[in-house]
Every structure is written in structure tokens, then in C-alpha cells.
1. For the stretch 71-92, enumerate the residues that are in a loop (DSSP other than H, G, I, E, B) and of a type in the set (Val, Ile, Thr).
2. In the stretch 105-128, how many are at pLDDT 90 or above and open to solvent by 60 Å² or more (accessible area, probe 1.4 Å)?
3. Look through the stretch 52-70, keep the residues that are surrounded by 15 or more Cβ atoms within 10 Å (Cβ to Cβ) and in a loop (DSSP other than H, G, I, E, B), and return whichever of them is modelled with the highest pLDDT.
4. Given the structure, is GLN30 open to solvent by 40 Å² or more (accessible area, probe 1.4 Å), out of contact with any Asp or Glu (no Cβ under 8 Å at 6 or more places or on another chain) and not small (Gly, Ala, Ser)?
5. Do you know which residues across the stretch 1-41 are of a type in the set (Ser, Thr, Tyr) and either in a loop (DSSP other than H, G, I, E, B) or at pLDDT 95 or above (or both)?
6. Restricting to the stretch 60-84, name every residue that is over 11 Å from VAL11 (Cβ atoms) and in contact with a His (Cβ under 9 Å, 6 or more places away or on another chain).
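The values are calculated or read from the model by the stated rules, or taken from the named source; none is laboratory data. Worth saying up front: this structure is predicted, and the values here are computed from it rather than measured. Using ideal geometry, Cβ is built from the backbone for each residue, glycine included, and neighbour counts are taken over all protein chains shown. Ligands, DNA and RNA are excluded from the accessible area calculation, which covers all protein heavy atoms including side chains. Shrake-Rupley method; radii C 1.70, N 1.55, O 1.52, S 1.80 Å.
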Amino acid sequence: QPMSVGAVLPVVLAWHVPASVDSSLKVFVQIINSDGRLVAQHDSPLVTTDQTGQDTEQDTEQVESYGILLPVDMPAGQYTLISGLYNPDEGGQRQRTVEERDHVVLEQLAVVDEGKCPATETTETGDD
């Protein structure tokens, strides 16, 4: 389903968090254009605690919700939503996936500018 410029894109991620995870890691969620350039992003600390706020002592699943504001000047088109982890204490070095990539592709995203959509225009017939 297409998203409109100026809207907030909701993103829900489920993570497998090992007990030995570095608690300084941050999650990034980014929208990339067809040229591979960053258009919008959201970064947050990786949650490494359980529901009681205690550090996890075993492997757990974490589910977190994020929101990315689609800029109002964002051109309509196709974009790629990606996510991953990085360590700000190591110069922003991205963590590698099991496939040795520095991010995962979440989905392809269609963005529309409803203010420029011809379907919203009306014409007058001149009949009074």
C-alpha cells in the first residue's frame, strides 16, 4: 500500500537478542532511494532488557516499534526500507548479518504525493 509524503511510516521489528549482546548497539531503520542515497531514518538504542527492565541473561525475542517521517519534499517513487545495527562507540561500524551484510532489506516502499495526484482534481461544468 503506497505511503504519502509527510506521513509517518510505522515499522515493527522482531529481534533475536543473544544474552551476550553489546548493550551500546543502536538500531537503524532507513529509507533509501533508487540511487542508494539515504532519504529518511530513525535510530534508537537496541533494547536489551526484559519486560521488567532487567538485562537479559538468556537469548530473547524483542519486538520494537519505530516511526519514520517521510519528508514533505520527498519525490514520489519507489524506495527500499532497510534496517540493521551499529555501534556508535566504534565509529558507527555496522554489525554484520549471518549473510555478512551490514543491513537487511525489509521491503520495497511506494511513496506518492497526494497533493499532485490528478485523481483529486475536479472540473467545473459551467452550469449555474
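1. Answer for the stretch 71-92, where residues must be in a loop (DSSP other than H, G, I, E, B) and of a type in the set (Val, Ile, Thr): just VAL72.
2. Looking only at that region, the number is 4.
3. Taking the candidates together, the pick is LEU70.
4. In short, no.
5. SER20, SER23, SER24, SER34
6. Just the residues of the stretch 60-84 that are over 11 Å from VAL11 (Cβ atoms), to begin with: 60-63, 69-80, 84.
Of everything in the stretch 60-84, those that are over 11 Å from VAL11 (Cβ atoms) and in contact with a His (Cβ under 9 Å, 6 or more places away or on another chain) turn out to be THR60, GLU61, GLN62, LEU69, GLY84.
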